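Here's the structure, in structure tokens; my notes come after.
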Amino acid sequence: MDTQKESLRLHKEWGGKIEVNTRVPVRNSQDLSLAYTPGVAAPCLAIQENPDLSYELTRRHNLVAVITDGSAVLGLGDIGPEAGMPVMEGKCCLFKAFGDVDAFPLCIRSKDVDEIIRTVALLAGSFGGINLEDIAAPRCFEIEQRLTEICDIPIFHDDQHGTAIVAGAALINALKVVGKEIGDLKIVISGAGAAGIAIARHLLHMGAGPRMYLTNRKGIIRAGQEGLSPAQAEICELTNLERAGGNLKDAMAGADVFLGVSGPGLVSGDMVKAMAKGAILFPMANPTPEIFPEEALASGAKVVGTGRSDFDNQINNVLAFPGIFRGALDVRASRINEPMHMAASHAIASLVSPEELSPEYIIPHAFDKRVGPAVAKAVAQAARDSGVARK
């Protein structure tokens with residue numbers, strides 16, 4: 001089957017992947033007067049008096065907005081908000097299928113940071129959470145940070161944190177396979193954009209040491225280097241403390257872990273051979289990874305995971321974001337914070353039992369029905385423990 005042609009045909013047949021269904025009958029005048037006028041005045045006035053009742057008297061308690069400007073869409077790049085709509089609809093499908101969360105796509109015709117922030121902030125009263133999607137770096141960092149500061153609902157940029165959380169879960173179990181501790185690792189991250197920086201931050205919170213090296217097209221990034229974004233400059237103060245230079249090949253020499261969120265074919269078999277014994281590789285570029293699993297394993301890697309479903313150990317964001325929002329919504333969290341990220345990683349990792357754990361199985365499959373509820377429960381408890389739960 002030609003997946004691209006078949007998908008295009010089906011999208012035309014479907015006419016969109018989501019729709020709005022009513023939860024109440026409207027069959028007669030009594031139904032109409034209760035769901036709409038005049039009866040609807042009662043919940044309106046109740047919410048006017050206490051806006052928090054909007055979570056009880058409307059669908060807000062289970063509704064997430066999926067927001068994009070179409071500037072960094074799923075391996076396609078800057079294709080614009082309308083062209084990004086099929087991806088956003090697909091994301092909404094995943095929210096419902098894997099977390100029973102209602103989600104609606106909102107594609108904004110602007111790349112202006114202030115305009116995007118103002119638009120989302122003005123709409124925030126209609127939603128229980130905001131999922132930022134496919135917004136290019138460095139704008140995505142400022143947009144998420146400022147929205148988190150001014151909104152009283154969870155703001156989550158999945159390209160950053162979803163990727164980091166699932167990669168973190170995979171690493172927890174991969175380290176059990178190779179018998180290493182996270183604090184002892186030399187870690188290389190190919191890609192110093194939104195996902196790469198989020199992975200670095202998450203691994204530091206998990207206990208990784210500063211022997212971490214992020215690379216971009218120019219090579220290893222380091223503090224004081226010209227042309228760094230504010231987010232890159234910030235992460236460079238916590239990693240590569242010796243201010244090493246060089247390219248990706250130089251960085252990978254003696255490395256224990258490689259994580260790729262960059263581009264196809266950037267890693268060779270010889271680069272893998274130069275890594276430490278028991279090397280772990282997560283080449284996650286899609287659709288073509290930085291190195292294919294068979295070549296990495298033939299070159300001495302012990303554990304390999306990619307972003308693809310046709311190889312072992314798929315590192316897929318769908319393991320994280322539906323359950324994270326389910327848990328956050330269930331306790332009416334005001335934000336999604338680092339303790340909640342950490343809880344999600346450990347919840348995902350915990351679903352692979354010691355008996356099941358192997359180099360070929362370090363992370364649950366995308367359709368493992370235990371994942372969403374386990375993540376939701378752990379995230380909800382972390383929200384309570386960290387003081388951001390309001391229910």
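Gly39 is checked against (1) without any contact (Cβ under 8 Å) to a residue 12 or more places away in the chain; (2) part of a helix (DSSP H, G or I); (3) open to solvent by less than 60 Å² (accessible area, probe 1.4 Å) and fails just one. What number does that condition carry? Among (1) without any contact (Cβ under 8 Å) to a residue 12 or more places away in the chain; (2) part of a helix (DSSP H, G or I); (3) open to solvent by less than 60 Å² (accessible area, probe 1.4 Å), the lone unmet condition for Gly39 is (2). For segment 264-288, a tally of residues being under 18 Å from the mean Cα position of the chain (by Cα) and either crowded, with 24+ Cβ neighbours inside 10 Å or not polar (S, T, N, Q) (or both) returns 5.
Yes/no per residue for (1) modelled with pLDDT of 95 or more; (2) of a type outside the set (A, V, I, L, M, F, W, C); (3) within 21 Å of the chain's Cα centre (by Cα):
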residue	(1), (2), (3)
Tyr55	yes, yes, no
Val73	no, no, yes
Met85	yes, no, yes
Cys92	yes, no, yes
Asp100	yes, yes, yes
Leu123	yes, no, no
Gly129	yes, yes, yes
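For first residues located in segment 1-29 and part of a loop (DSSP other than H, G, I, E, B), partners that are exposed (fewer than 10 other Cβ atoms within 10 Å of the Cβ) and lie 6+ apart or on another chain with Cβ distances below 9 Å do not occur.
The selection criterion, being within 16 Å of Lys176 (Cα to Cα) and open to solvent by less than 20 Å² (accessible area, probe 1.4 Å), holds for Ser345. Across segment 193-219, the number of residues qualifying as under 17 Å from Ala285 (Cβ atoms) and open to solvent by 10 Å² or more (accessible area, probe 1.4 Å) comes to 5.
Among residues of segment 310-328 that are at pLDDT 95 or above, those with a beta-carbon under 7 Å from a residue that is open to solvent by 10 Å² or more (accessible area, probe 1.4 Å) and among the basic types (Lys, Arg) at least six positions away or on a different chain give the pairs Gln314/Arg308; Gly327/Lys377.
Filtering segment 6-27 to residues that are more than 30 Å from Leu57 (Cβ to Cβ), open to solvent by 100 Å² or more (accessible area, probe 1.4 Å) and among the aliphatic types (A, V, I, L, M) leaves only Leu8.
The values are calculated or read from the model by the stated rules, or taken from the named source; none is laboratory data. Predicted model, so just to flag it, every value in this text is computed and none were measured. Using ideal geometry, Cβ is built from the backbone for each residue, glycine included, and neighbour counts are taken over all protein chains shown. SASA here: full protein model, heavy atoms, side chains in, ligands and nucleic acids out. Shrake-Rupley method; radii C 1.70, N 1.55, O 1.52, S 1.80 Å.
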